[in-house]
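The values are calculated or read from the model by the stated rules, or taken from the named source; none is laboratory data. Owing to the predicted nature of the structure, the values given are computational and were not obtained by experimental measurement. Virtual Cβ from ideal backbone geometry, glycine too; neighbours counted across all protein chains shown. These accessible areas exclude ligands, DNA and RNA; they are computed on the full protein's heavy atoms, side chains included. Shrake-Rupley method; radii C 1.70, N 1.55, O 1.52, S 1.80 Å.
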Amino acid sequence: MALRTVREIGDPILEKKAKPVKEINDHLRELINDMFDTMYETGGVGLAAPQIGILKRLVVIDCGNEDGTENPIVLINPEIIEKDGEQTGYEGCLSVPGKMGIVTRPNHVKVKTMTLDGKEEILEGTDLLARCFCHEIDHLDGVLYTTKVEGELVDSNSMSEDDEQ
Ligand code: NI
């Protein structure tokens, strides 16, 4: 298990546009493993490569399944191809520790991505997973949720359990 350091807001790398992944090789697979390790260790539901200082269009996500089991998802060169509906709710980010803010996102999205076999794949997400897809893909374009927040950021430890997503 290898943990990577998560870059925090104010680090200029978080505002840069990431470059497409060109080759799926052992180096990329190791990076993906490290990203999952880092995300699970820090209690996040998503992590984009720029957050650990790597400007590649690569994301790991795990919003879990309804039965509480893990649901690890890898996005390689993802692109949102369809979105509909709307959800407004609290969002947080491993790069903005201890804070949350209200963001409106689509309630359903379709994402075109690539599998580790290099094949094109379409994934769909609703509710939290749709929010997570949007949030993480924003990271690849150097966009933090703090630029989209409605109202003020709040301290996440001041929130009751009921308010958190
Ligand atoms: Ni984030």
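Would you point out which residue out of Ile9, Ile61 is within 18 Å of Asp141 (Cα to Cα), of a type in the set (A, V, I, L, M, F, W, C) and open to solvent by 50 Å² or more (accessible area, probe 1.4 Å)? Walk me through how you get there before you give the answer.
Details: Ile61 fails: open to solvent by 50 Å² or more (accessible area, probe 1.4 Å).
Among Ile9, Ile61, only Ile9 is within 18 Å of Asp141 (Cα to Cα), of a type in the set (A, V, I, L, M, F, W, C) and open to solvent by 50 Å² or more (accessible area, probe 1.4 Å).
Do we have any residue at all in region 25-39 that's among the polar types (S, T, N, Q), touching a Gly at 6+ places or on another chain (Cβ under 9 Å) and away from the ligand (no atom under 15 Å from the Cβ)? Outline the logic, then answer.
Of region 25-39, the ones among the polar types (S, T, N, Q) are 25, 33, 38.
With the extra rule that they be touching a Gly at 6+ places or on another chain (Cβ under 9 Å), the set shrinks to 38.
Now narrow it down to the ones that are away from the ligand (no atom under 15 Å from the Cβ): none.
There is no residue in region 25-39 that is among the polar types (S, T, N, Q), touching a Gly at 6+ places or on another chain (Cβ under 9 Å) and away from the ligand (no atom under 15 Å from the Cβ).
Are any residues in region 77-121 aliphatic (A, V, I, L, M) and out of contact with any Asp or Glu (no Cβ under 9 Å at 6 or more places or on another chain), and if so, which ones? Explain how you work it out, then say what you get.
Step one: of region 77-121, the residues aliphatic (A, V, I, L, M) are 80-81, 94, 96, 100, 102-103, 109, 111, 114, 116.
Across region 77-121, the qualifying residues are Ile80, Ile81, Leu116.
Output the residues belonging to region 62-114 that are aliphatic (A, V, I, L, M), in contact with a Gly (Cβ under 6 Å, 6 or more places away or on another chain) and either without any contact (Cβ under 8 Å) to a residue 40 or more places away in the chain or on the phi > 0 side of the Ramachandran plot (or both).
Val109 - this is the single residue of region 62-114 that is aliphatic (A, V, I, L, M), in contact with a Gly (Cβ under 6 Å, 6 or more places away or on another chain) and either without any contact (Cβ under 8 Å) to a residue 40 or more places away in the chain or on the phi > 0 side of the Ramachandran plot (or both).
List the strands (runs of 3 or more DSSP E) inside region 71-165, counting only whole elements, that have at least 3 residues being within 12 Å of the ligand (Cβ to nearest atom) and buried (at least 16 other Cβ atoms within 10 Å of the Cβ).
Details: elements: 73-76, 79-84, 87-91, 99-105, 108-114, 120-126, 150-155.
Filter on region 71-165 gives 99-105.
Only one residue in Lys83, Lys119, Lys99, Lys110 is modelled with pLDDT of 95 or more, in contact with a Ser or Thr (Cβ under 8 Å, 6 or more places away or on another chain) and basic (Lys, Arg), so which one is that? Lay out the reasoning, then the answer.
Working: Lys83 fails: in contact with a Ser or Thr (Cβ under 8 Å, 6 or more places away or on another chain); Lys119 fails: in contact with a Ser or Thr (Cβ under 8 Å, 6 or more places away or on another chain); Lys110 fails: in contact with a Ser or Thr (Cβ under 8 Å, 6 or more places away or on another chain).
Among Lys83, Lys119, Lys99, Lys110, only Lys99 is modelled with pLDDT of 95 or more, in contact with a Ser or Thr (Cβ under 8 Å, 6 or more places away or on another chain) and basic (Lys, Arg).
Could you look through region 119-137, keep only residues that are under 8 Å from the mean Cα position of the chain (by Cα) and not hydrophobic (A, V, I, L, M, F, W, C), and pick out the one that is farthest from Ile13 (Cα to Cα)? I'd like the intermediate steps shown before the answer.
So in region 119-137, the residues under 8 Å from the mean Cα position of the chain (by Cα) come out as 132-137.
Still in the running and not hydrophobic (A, V, I, L, M, F, W, C): 135-136.
Details: His135: 16, Glu136: 15 Å.
Restricting to residues being under 8 Å from the mean Cα position of the chain (by Cα) and not hydrophobic (A, V, I, L, M, F, W, C), the top hit is His135.
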